[in-house]
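None of the figures in this text is laboratory data; all of them are computed from the coordinates on show. Quantities reported herein were computed from a predicted structural model and do not represent experimental measurements. Please note: Cβ atoms are built from the backbone with ideal geometry, for glycine as well, and neighbour counts cover all protein chains shown.
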Amino acid sequence: MNDDTQPATDTPDVSAEHPVSENWVWVGKHRPPIPRALVEFMTSQWEEIVVDEGVHPAAFFCAHRRSLLLETLPATNLIIPTGSFKVRSNDTDFRFRPGTDFFWLTASHEPDGVLLLEASGEATLFVEVGGDNSSHRFFTDAQYGELWTGRRPTLAETEGHLGIATRPKDELTKALAALQGTTALLRGFDATLDASYEAQEVDTELERVLNELRLVKDAYEVERLEEAVAATVLGFEDVVRALPAAEGRGERVIEGIFNLRARVDGNDVGYSTIAASGSHATVLHWTRNDGAVRRGELLLLDAGVECHDLYTADVTRTLPISGTFTPAQLTLYNLVLAAQEAGIAAVKPGAKFMAAHEAAMAVLTAGLLELGILEPQDEETPLSKQLHRRYTLHGTSHMLGIDVHDCSHARNEEYLGELRPGYVLTVEPGLYFQPNDLTVPAEYRGIGIRIEDDVLVTSDGNRVLSNALPRDPAAIEAWMASIWREGTPDLHL
Ligand SMILES: [Mn+2]
């Protein structure tokens with residue numbers, strides 16, 4: 001029997017009728033001790049289950065990424081934790097989501113894991129164990145007990161599946177104590193490790209190097225992004241199908257329908273779905289999604305499915321809720337579309353990261369001048385006063401990968417430098433006319449339009465991963481009509 005079942009020597013918070021004794025086992029604060037006989041009964045007579053999932057398809061790529069990291073930071077031991085559960089409220093946690101860098105190097109979904117890469121090249125994954133039927137935690141531990149949260153892979157299974165030496169987490173302290181020379185810790189994920197190592201410059205360097213290595217996506221990552229985009233395309237179709245049901249019930253229907261697809265076809269949404277109808281589209285991060293959905297207005301849907309291997313799509317379409325754009329909507333839509341096309345055309349190897357933004361802003365500024373919203377004198381030196389920003393509000397691109405805003409700890413000169421084959425970035429210009437903006441003709445007020453696609457830099461240009469979703473207004477109208485011809489569900493909402 002495991003040590004966990006020994007009577008506690010602490011003074012537990014127990015009631016008088018359940019004194020701790022050799023016949024009782026203390027299992028935690030505010031909980032009555034449990035009879036040893038029950039522990040013995042609950043932890044015996046279970047048939048052993050053996051699971052062989054084979055080698056994870058990412059294992060080869062993760063090993064290569066670990067080598068790249070060690071080559072970039074030689075003669076340094078690297079500690080990379082995944083992080084733990086995050087509290088939602090009191091004793092209820094959010095669903096666990098691995099740390100991005102840890103996951104990129106291991107493909108492990110397990111909470112509380114720590115990857116140790118020794119300067120010698122040795123890699124060891126330390127994982128939390130103890131929820132299996134070897135101790136009372138099997139049925140008393142709500143975070144790890146397998147009767148609470150399901151079976152976890154054994155050490156041997158993890159080792160075989162992920163192709164990395166795997167040890168129990170309680171051996172980590174000893175392994176860390178034995179390290180010689182410089183050691184870098186990826187900070188911000190494991191409070192205990194953060195407290196036991198004084199912050200050093202090499203920690204920041206580790207974070208930076210990981211983020212810069214992740215800029216270039218390998219073949220496995222591009223496939224995962226394609227998978228995330230494919231599920232996202234289905235999610236947008238689902239939303240169009242449910243639009244008639246959303247009329248009258250509101251934006252939450254749209255959020256719910258998209259998020260259903262994300263959970264069914266992927267791990268989750270990669271970020272909070274923005275389901276912005278009417279003038280809510282002029283609020284950049286409208287995630288309250290509690291507004292009405294009205295025929296005649298536009299729906300700005302910014303949403304992405306995160307696939308099972310955590311890569312996320314990030315796509316925006318602005319759709320006419322009735323199925324047909326009004327002339328005023330079309331004027332603005334075509335302007336944003338032209339800006340986006342100019343932006344996408346600027347994405348190629350050797351071009352600067354900001355090239356797409358500059359191309360898109362030049363088109364939008366010219367359009368704002370033509371519409372009379374910007375005055376010619378505002379642009380004496382084109383773009384110099386940046387007055388267009390009242391209506392364009394945000395940058396045009398960000399890197400995309402396991403994080404929706406990927407590689408954010410890369411140095412400016414790397415992130416903003418020349419694009420290289422394997423980079424994946426969004427191109428997402430927008431125009432936003434606030435409903436009370438006195439500088440804008442009344443017919444345009446309250447209209448917000450963004451068009452966002454996910455673009456892979458190739459050796460000779462780019463490939464738009466999200467091309468399966470129509471962008472052209474006529475194609476959008478035809479696409480919506482074809483979905484509605486197949487019938488629309490009555491969701492009884
Ligand atoms: Mn985006």
**Request:** Could I have the simple spin-label model distance between Thr173 and Glu40, label points 7 Å from Cα toward Cβ, reported in nm to one decimal?
**Result:** 3.1
**Prompt:** How much net charge surrounds Pro327 when only the other residues with a Cβ under 14 Å from the Cβ of Pro327 are counted, with Lys and Arg +1 and Asp and Glu -1?
**Reply:** -2
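Based on the Kirkwood radius over alpha-carbon pairs, what value in µm²/s does the Stokes-Einstein equation return for the translational diffusion coefficient of region 219-485 at 4 °C and 1.567 mPa s?
Details: Rh = 18.6 Å.
Rounded, D is 70 µm²/s.
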**All aspartates and glutamates inside 13 Å of Lys86 as judged from Cα atoms, apart from same-chain residues fewer than 8 positions distant** = Asp112, Asp190
**Asked** Could you work out the helix-only [θ] at 222 nm for the chain, with each DSSP H run of four or more residues adding -39,500 (n - 2.57) and the total divided by the number of residues, to the nearest 500 deg cm²/dmol?
**Response** -10000 deg cm²/dmol
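Between His30 and Leu438, 0.36 nm times their residue separation minus their Cα-Cα distance comes to what? Walk me through the intermediate numbers first.
Working: separation 408, 0.36 × 408 = 146.88 nm, distance 6.08 nm.
Roughly 140.8 nm would be gained on extension.
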**Asked** Within straight cross-link reach of Lys348, meaning Cα distance under 19 Å, which lysines are found once same-chain residues fewer than 8 apart are removed?
**Response** Lys217
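Could you tell me the relative contact order of region 219-485? Use alpha-carbon pairs under 8 Å, at least six residues apart, and round to a whole percent.
Values: 567 pairs, mean separation 56.0, N = 267.
Contact order relative to length: 21 percent.
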**Message:** As I understand it, the value is the acute angle between the Cα axis of helix 219-246 and the longest principal axis of the Cα atoms of the chain; what does it come to in degrees, rounded to 10?
**Reply:** 70
**Request:** Pop a pseudo-label 7 angstrom from the Cα along the beta-carbon direction at both Thr331 and Ser120 and give the gap in nm to one decimal.
**Result:** 7.3
**Request:** Express the relative contact order of region 328-396 as a whole percentage, based on alpha carbon pairs under 8 Å and six or more residues apart in sequence.
**Result:** 26
**Asked** Hey, what do the phi angles of region 426-439 turn into as Karplus ³J(HN,Hα) couplings, whole Hz, using 6.51/-1.76/1.60 and θ = phi - 60°, x for Gly and Pro?
**Response** 8, 10, 8, x, x, 10, 9, 10, 4, x, 10, 8, 6, 7
**Item:** Simple spin-label estimate for Ala292 and Asp194 in nanometres, 7 Å along Cα-Cβ
**Value:** 4.6
**Request:** Name the residues whose placed amide hydrogens come within less than 5 Å of the amide hydrogen of Arg167, ignoring near sequence neighbours (fewer than 5 apart) on the same chain.
**Result:** Leu125, Phe126, Val127
**Prompt:** For region 83-97, what does the Karplus curve 6.51 cos²θ - 1.76 cosθ + 1.60, with θ = phi - 60°, yield as ³J(HN,Hα) per residue in whole Hz, taken in order and with x for Gly and Pro?
**Reply:** x, 10, 4, 10, 6, 8, 6, 6, 9, 10, 9, 5, 4, 6, 10
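Net charge near Glu251, counting Lys/Arg +1 and Asp/Glu -1 over other residues with Cβ under 10 Å of its Cβ? Intermediate results must be reported in sequence, preceding the final value.
Details: positive: Arg249, Arg252, Arg288; negative: Glu255, Asp290.
Once all neighbours under 10 Å are counted, the net charge is +1.
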**Fill in**
The helix 59-72 Cα axis meets the longest alpha-carbon principal axis of the chain at an angle in degrees, between 0 and 90 and rounded to 10, of 90
**Request:** Enumerate the amide H contacts of Asn77 below 5 Å, restricted to partners 5 or more residues apart or on another chain; note that Pro and chain-start residues carry no placed amide H.
**Result:** Ala119, Thr182, Thr183, Ala184
**Request:** Return P(r) of the chain (all Cα-Cα pairs; 20 Å bins starting at 0; whole %; ordered from short to long distances).
**Result:** 20, 45, 28, 7, 0
**Prompt:** When all C-alpha to C-alpha distances in region 59-213 are sorted into bins of 10 Å, what percent of pairs does each bin hold, rounded to whole numbers?
**Reply:** 10, 40, 35, 13, 1
